[in-house]
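Below: the structure, in structure tokens.
The values are calculated or read from the model by the stated rules, or taken from the named source; none is laboratory data. The model shown is predicted, which means the values in this text are computed figures rather than measured ones. Heads up, the Cβs are rebuilt from the backbone with ideal geometry, glycines too, and the neighbour counts pull from every protein chain shown. Remember, those area values only see protein heavy atoms, side chains included, never the ligands or the DNA or RNA. Shrake-Rupley method; radii C 1.70, N 1.55, O 1.52, S 1.80 Å.
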Amino acid sequence: MSSSLAPALLLSMPQLVDPNFNRTVVLLCKQSEEGAFGLIVNRPLITTGRIVVNLDPPVEQPDHDLQVWVGGPVEPQSIWMLVGQDPNEEGDMPGIQIADDLYLSTSPHLLRRLLEPEPPPIARLIVGYSGWGPGQLEAELQTSAWLMSDVDRDLVFNTPSERMWEAAIRRLGADPAALQMSRGVH
């Protein structure tokens, strides 16, 4: 039995032609024999409308803009919150630790806090996720569809989304312009 590949950052390679993953950085949160779960962390949701969040009791629409991110093509109605500090320290906001100083939560209480005038400073609201069936991610890694990197909270939260993929590739010592489509060397 092999150990989990998670946590890690998955960096898409040019041969990954699926438009859902072109030039993406995916936070791989969980991986096992049953499949894998991750969140794209460099794809902000671009919308001209308003996002409506239904909570009971209802919350007033925030005065500040709340950036929403697309975590992947699976279940776009699902909501995840990626937080750069332990949400359990703030009270009743359960979260699971993904990596050092990086937590994932689905807590309605934390969602409510994100909508308040002073939201948590290091938090991201993500809709949808990226999922792989049993052996699917491993097969994609074998065909060199992804590069793997260690998780870097600073990269995730402090690098502009449009530069994150390139910055993550450069952290590995590679030049993004030199990446070519190939089946890789195994």
**Request:** Could you pull out every residue, at least 5 positions away or on a different chain, whose amide H is within less than 5 Å of the one on G72? Hs are placed 1.01 Å off N in the peptide plane, and Pro or chain starts have none.
**Result:** I40, Y129
**Prompt:** Counting Lys +1, Arg +1, Asp -1, Glu -1, what net charge surrounds D18 among other residues with beta carbon under 15 Å of its beta carbon?
**Reply:** +1
**Complete:** For I96 and D150, extending 7 Å from Cα along the Cα-Cβ vector and measuring point to point gives, in nm, a value of 2.3 nm
**Asked** Given 0.36 nm per residue, what is the gain on full extension from E116 to R170 after removing their alpha carbon distance, in nm?
**Response** 15.8 nm
**Request:** Could you go through region 94-111 in sequence order and give the Karplus-derived ³J(HN,Hα) for each residue, using 6.51 cos²θ - 1.76 cosθ + 1.60 with θ = phi - 60°, rounded to whole Hz, and x for Gly and Pro?
**Result:** x, x, 10, 7, 9, 8, 4, 6, 9, 10, 10, 9, 10, 5, x, 5, 5, 4
**Asked** Shape of region 111-184 from its Cα gyration tensor (a ≥ b ≥ c, root eigenvalues): rounded if a/c is under 1.5, otherwise prolate when a/b > b/c, or oblate?
**Response** oblate
**Request:** Would you mind computing, in nm to one decimal, how far apart the modelled labels at V17 and Q85 are, each placed 7 Å from Cα along Cα→Cβ?
**Result:** 4.6 nm
**Message:** On a full-extension model of 0.36 nm per residue, what is the gain between Q180 and S4, subtracting their alpha-carbon distance, rounded to one decimal in nm?
**Reply:** 60.6 nm
**Asked** With all protein chains present and a 1.4 Å probe, how do V41, V151 order by accessible area, largest first?
**Response** V151, V41
**Prompt:** Which ³J(HN,Hα) values, rounded to whole Hz and listed in residue order, are derived for region 154-161 from phi using the Karplus coefficients 6.51, -1.76 and 1.60 in 6.51 cos²θ - 1.76 cosθ + 1.60 with θ = phi - 60°, glycine and proline given as x?
**Reply:** 4, 4, 5, 9, 10, 9, x, 4
**Complete:** Which residues qualify? For G35, with a placed amide H closer than 5 Å and at least 5 residues away or on another chain, they are G135
**Prompt:** Between V74 and L141, what FRET efficiency comes out of the Förster formula 1/(1 + (r/R0)^6) with R0 = 30 Å and r the beta carbon distance, rounded to 0.05?
**Reply:** 0.95
